[in-house]
Each structure stands twice: as C-alpha cells, then as structure tokens.
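*Asks:* The structure that follows is given in the form of structure tokens.
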Amino acid sequence: MLKLIKALSASFLLGFASLSSAADSNNDTYVTLKTDLGTMLVELYPAQAPITVANFLQYVDSGFYDGTIFHRVIPGFVVQGGGFTFDFKRKETGEPIKNESDNGLKNHYMTLSMARTNAVDSATSQFFINLKHNDSLDGSADKPGYAVFGKVIEGENVVEKIVAEPRGIFKSYPDAPNAAVRILEAKRGKHMEKTRHTSKLKEMIAE
C-alpha cells in the first residue's frame, strides 16, 4: 500500500511539473495586450528572435507599456506604438538592442516588428503591427530590415478598429488617432475573452 501511495505521489508530482513547464512556456511565448478598443493576443518567437523577445518581455513585465498609445497609424502599412503616453510624452527606455532582422521571419500581415531609427541597432520599446505583407521592410544581404518577433493571432479586429479611428488633428503627430488608443495592460500569457472574432481583412492581404 505504501508503495502504491509513493507511486501515485510521484506520478502526481511529474504531472504537476509538466503542467508548470507548460505554463512557463505559455508565459514565455504569449502576451495579451488589453487596449481601449479590445484585447489582442500576441504569439512571440523566442527561438528566432531571442534578444528581441527578451527585450519586449522586459518592458511587459515592468509595466512600461501600460498607458502607452498607438501613435502612428498608416492604413495599408503599419500600426505603431509602445513609446508615448496619451499626451505625447516620450517614455524613458532602456538601452537599444541588436537588430535581429536576419532571423528569417518576414514582415507579413499581423506580425509584430521592432521600430527603429536609421541606425541599425537602435530599437528600444516601440513596435509596429504590419497591416499587409511589407516585403520592403525585410532584411537582405544588402541591407538590414526590421526585426519580426511575434504575431497577432487573436483580436485582429482590434487592429482594424485602431486603423479605422479618425486621425489628423495633431500637427506634430498627424498619423495618431484623434482620441488616444491606449494599451491599458500588457501581460504575459493568454488572457483573452471567450468570444473570438474573425478578421474581415484576412481575404484582402496583399501578397
């Protein structure tokens, strides 16, 4: 009887360890972005973009993204955010990271990439969501591109809502929505509502 109890206990512990491992993996590969217009689920690619994903998760874990806005919305191109507050105050960031645009991932529809200046290794906190297959943003042997590190896999309709917001009243930020669209909370793991929406744009992706 004692042997049976020990065997069952060992089995339970192994199962618990397996579940814990799965939970850790879930937290390392998914981030939920709750915004003013709904919630998005992002799948991350740590195997292909380890530096970029680790950097992104640092900002998520610190609460940096909470309260930041999507300040640059260009229909048919990108939705960019992760750097400014609602009153266009730039948040202080960490050090720039190495550009991983040579990781084989493409700037395709709904993927997330790091925004940067003309300097190759200048990305910090800002990221953008591709609204089509932006092949011109991919790296090549001749030029560095923009590093893809994740993809919106649920809540594409939220991205569509951001794109549909009126813009143009701010002279210094003409591509920003007139009413701030904030990231209310960025959190590791899957924290989506039960209702799942399908994007209307999926049939219109530019190849």
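Read the figures in this text as sums done on the coordinates, not as results from a lab. Just so you know, these numbers come straight off a predicted model, no measurement behind them. Reconstructed Cβ throughout: ideal geometry from the backbone, glycine too, with neighbour counts over all protein chains shown.
*Asks:* For each of 71, 108, 191, count neighbouring Cβ atoms within 10 Å of the residue's Cβ, then give the residues from fewest to most.
*Replies:* 191, 108, 71
*Asks:* I would also like to ask the following. Sort 30, 65 so that the residue with the fewest other Cβ atoms within 10 Å of its own Cβ comes first and the one with the most comes last.
*Replies:* 30, 65
*Asks:* What aspartates and glutamates does residue 132 reach when the alpha-carbon gap must be under 19 Å and sequence neighbours fewer than 8 apart in one chain are set aside?
*Replies:* 43, 154, 156, 160, 165, 175, 203, 207
*Asks:* What do you get when you divide the Cα radius of gyration of region 28-192 by 2.2 N^0.38 Å, with N the number of residues?
*Replies:* Against the compact-globule rule of thumb, the ratio is 0.95.
*Asks:* Of all the C-alpha pairs in region 101-188, what % are more than 18 Å from each other?
*Replies:* That tail contains 53 percent of the Cα-Cα pairs.
*Asks:* Let me ask something else. Label region 110-150 by shape, choosing from rounded, prolate and oblate, from the square roots a ≥ b ≥ c of the eigenvalues of the Cα gyration tensor; if a/c is under 1.5 it is rounded, and otherwise prolate applies when a/b is larger than b/c, oblate when it is not.
*Replies:* In terms of gyration-tensor shape, oblate.
*Asks:* Counting other beta carbons within 10 Å of each Cβ, put 40, 192 in order, fewest first.
*Replies:* So the residues, fewest neighbours to most, are 192, 40.
*Asks:* While we're looking at this one, here's another question. Which of the residue pairs 143/190; 34/89; 98/190 have a Cα-Cα distance greater than 32 Å in the structure shown?
*Replies:* 143/190
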